[in-house]
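Encoded as structure tokens, the structure appears first; notes follow it.
The values are calculated or read from the model by the stated rules, or taken from the named source; none is laboratory data. Because the structure is a prediction, the values reported are computed rather than measured. Backbone-built Cβ (ideal geometry, glycine too); neighbour counts: all protein chains shown.
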Amino acid sequence: MKRHILYIVLPVALSAIVFLGSCNKTVIDRTSSYAALTPSNIDLNADTWKPVLITDPSVFTVAAPDAVTSPAYVADLNEIKAYQSSLTSDQKAIIQYWSAGAVLRWNEILRDLVAKHNLPPYQNADGTYPAPSSTNPFAYPQFPFSNPPYAARAYAYVSAAQYDALIAAYHFKKLYNRAAPYNLAGVQALIPKSALPSYPSEDAVVAGATVEIMKLLFPTEIAYIEQKAAEEIQYRIMAGANVRGELTAGESLGSQVADVFAARARADNAGKAIGTPAEWTQLQVNTAAKGEAYWISLESPSRPPMLPLFGKVIPFLFDTTTVKALRPGPPNLTNSDAFKKEVAEVLSYSQNPTREHQEQVEFWADGAGTYTPPGHWNAIAETEFVKQNYSEVRWARNYALLNMAEMDVAICCWDTKYYYFNQRPTQANPNIKTLTGIPNFPSYTSGHSNFSAAAATVLTYLLPDRGTKFTDLANQAAMSRLYGAIHYRSDVEVGLTTGAAVGQYAVKRAQSDGAGN
Amino acid sequence: MIKFLRLYFNRYFVVICFLSLCSKIANAQTNADALMIPQNVFCGELMYDHSSWQNYWEGTFKRNNGNIGTLTNNTYSVMGNYGITNKLDVLFGIPYVTTNASRGTLKGQSGFQDLSISLKWLAFQTEIGKGIFSLHAIAEGTIPLSNYEPNFLPVSIGLHSTTASLRGLVNYQTGRFFVAGAAQYVQRSDITIDQDAYYTTEEIYSNKVYMPNVTNFLFSTGFRSLQFNAEAIISQTTTHGGFDIRKNDMPFPSNEMNMTTAGLLFKYSFSKVAGLELTAGGNHVLDGRNVGQTTDFFGGVLYLFDFSKKDKK
């Protein structure tokens, strides 16, 4: 009899576990629970901060707002009241999402698109590779292939355009000094109130600038980006933070400022960075002429090197002669004892990986299909910035500093990589197996080390109370490339030095841009 | 007595190691047969499985990859099956897995994969016509045995999910021929990966990955005698959710991994050495989605230990 009970109870209990048990199924995205932005300082003097490209905000066209007594303004207020009288749960979720901040959310959207488009093209039947084309962006492979240099440049343009657009917005905000609609009777404030004048809307300025620059950077995503922008505009109205007129003016201003950046982007040499077959061959000739082993793609079929002429892109923080001045001395010579010693060290990490080292390698891998190392540093910055209660314009300024440093360090690193065009450890010794995908470009110096040291330098300046946190992270990111057996120690060490030097240019800018720390 | 036992045993411990490599969805067919081990008898087994693939599916796009070459998976397992009663068995399996890619630079991985523990219950049995119809329920749990990294596919040794599954099995045997069908539902826990953000169809800022649940349907038929078994098995594994590998992207643990497989299984019992049995077989993936087109071969040695007092004459 006992057995019969067992027969019944056991299967029933087990099936309950299997079918009803939640089985630990709750993945919580840590960016989903951010509180609404409540700036500790609205940075009312941001119109005096030093912009990146624009010189005089007054050259942009922002018409005077409708009089608060005009029928147009009253109609705008009624639009808010209509929304607020019957908000759906979806609409409340939109308010919750966007209220964390326009710069923050657009930075996340950009990271999302970088990850989506960060895939190396699949080969043709004859073993060659197709290249993405900005003039035919929807054909496979879609434009762009947002690899690390491309991504670094995209983050920089978006952040810098947002920053300049907000400076221009502050100029007009103070000029027109319009109070936000939630200060009026009958309009609720569904987000924390700000004393900042609301015409033109800072959220709409950020959206307008981002949409415009993204048309250039991610042309296949225009519909998605415009849908996000429309959602953000709707959020401002539903929250009682802006009337439609303030949003329309903001989008227009953002778009005008972004045009200045788009014009620069079209002429910054990035479009030519992929090079030509003749130029690829010349790289081999140059290195062979020095008596050194030159880089060979370890992919099968052999893939052309990633953006070999990216080192000629025009930087934001310094001129092209500085790129050459920042270029480190040569890597260890192929036949030197120092080189053989370095190869042996990489082999030892390849053959005896610890689980801790592997975890470090995977954590920082940031390879194909991810938001890249600059994106990883944007994510790290986000988790810190969000604690600071920055104004939108300070968010934009700090991301612009970070991302201009990331783009410029990408330029310096790529200049160095293709100037020396040296081999990866696995090319020197095929017994070196790797703990992550081996990047398809030369070894010296490590991109991760450059990106991470530059980012850590900027973030440590902006957030000195974090101590050595960012430097420690940068060192971990850099060393992960040695542990992963895809870089020599000198790639890592020299890369960290160059990265920190480039980061200092952003710090110098920050010290004199009028924004304080 | 041993001969009598074999009537029961000639198949309880079949293929365990169909650890289909790319999918890493362990499919222990021991848990999918209609044979019970009698009370107080223990069967131990050592099993070796060798599986490999050259082609795989990115979504529905079938391709090979010069940076992987042939992906090989070797699994060495220790397994056991014990009869708590004549109608309730407990089974376990401990696999050690090594992986290797013949081309490219990715380093193969190795380690203890996931412990599996199952309870197998003969719920109902009756004579129908000239044969015997039986109904079984099999509950299985798996739990990772080591801290291996799941997000390093295709060289990861497993998916590192803790799972709980329930399988229903019907079997009809007449003379020496049988047919069987089984349906299984596998609940999988979220997994933790080494990254703290990842892209599926959107960027997710967490080190936890939602693992969709899995079903498996199986049909088998064949021949069973005292000394020799031969059977053919068709199975369909379906992941209910997840996403496709994008073109030229790396696989991800929560991909929608589906496959249809066909396999053969043989078993031989020695009449001169009481309690010793050999098993061998293979499986091939006929069609799949986000998995390798795996072919595997396995072989195992089984030995029966009889602890039941009544056997001691």
Within segment A:84-104, residues surrounded by 12 or more Cβ atoms within 10 Å (Cβ to Cβ) and either in a loop (DSSP other than H, G, I, E, B) or not assigned by TED's automatic domain parsing to the domain that holds residue A:205 (or both) come out as A:87, A:99, A:100, A:101
Of all helices (runs of 4 or more DSSP H) fully inside segment A:404-486, the set with 2 or more residues that are surrounded by 24 or more Cβ atoms within 10 Å (Cβ to Cβ) is A:447-462, A:469-483
Of the conditions (1) in a strand (DSSP E or B); (2) farther than 19 Å from residue B:274 by Cβ, the single one that residue B:66 does not satisfy is (1)
### Query
Could you say whether any residue in segment A:302-324 is out of contact with any Leu (no Cβ under 9 Å at 6 or more places or on another chain), within 14 Å of chain B (Cβ to nearest Cβ) and under 23 Å from residue A:343 (Cα atoms)?
yes
Does segment B:127-140 contain at least one residue that is in contact (Cβ under 8 Å) with a residue 40 or more places away in the chain and within 17 Å of the chain's Cα centre (by Cα)?
yes
Original post:
Got at least one residue in segment A:166-176 being hydroxyl-bearing (Ser, Thr, Tyr) and not in a helix (DSSP H, G or I)?
Top reply: no
Could you tell me whether segment A:136-146 includes any residue that is over 30 Å from residue B:62 (Cα atoms), at pLDDT 95 or above, out of contact with any Pro (no Cβ under 8 Å at 6 or more places or on another chain) and in a loop (DSSP other than H, G, I, E, B)? no
Okay, helices (runs of 4 or more DSSP H) sitting entirely in segment A:266-353 with 3 or more residues that are in contact with a helix residue (DSSP H, G or I) (Cβ under 6 Å, 6 or more places away or on another chain) and surrounded by fewer than 16 Cβ atoms within 10 Å (Cβ to Cβ), I get none
The number of residues in segment A:366-401 that are part of a loop (DSSP other than H, G, I, E, B), within 14 Å of chain B (Cβ to nearest Cβ) and either closer than 23 Å to residue A:468 by Cα or at pLDDT below 95 (or both) is 2
Kindly indicate whether any position in segment A:423-442 is farther than 23 Å from residue A:326 by Cα, in contact (Cβ under 8 Å) with a residue 60 or more places away in the chain and away from every other protein chain (no Cβ under 14 Å). no
**Study point:** Condition check for residue A:107: among the polar types (S, T, N, Q), crowded, with 20+ Cβ neighbours inside 10 Å, closer than 30 Å to residue A:59 by Cβ and within 14 Å of another protein chain (Cβ to nearest Cβ)
**Key:** yes
Among strands (runs of 3 or more DSSP E) entirely inside segment B:105-213, those with 3 or more residues being more than 12 Å from chain A (Cβ to nearest Cβ) are B:114-128, B:131-144, B:163-174, B:177-188
Residue hits (segment A:112-156; surrounded by fewer than 15 Cβ atoms within 10 Å (Cβ to Cβ) and among the β-branched types (Val, Ile, Thr)) are A:128, A:135
Only one of (1) in contact with a Ser or Thr (Cβ under 9 Å, 6 or more places away or on another chain); (2) of a type outside the set (A, V, I, L, M); (3) touching a residue at least 60 places away in the same chain (Cβ under 8 Å) does not apply to residue A:489, and that is (1)
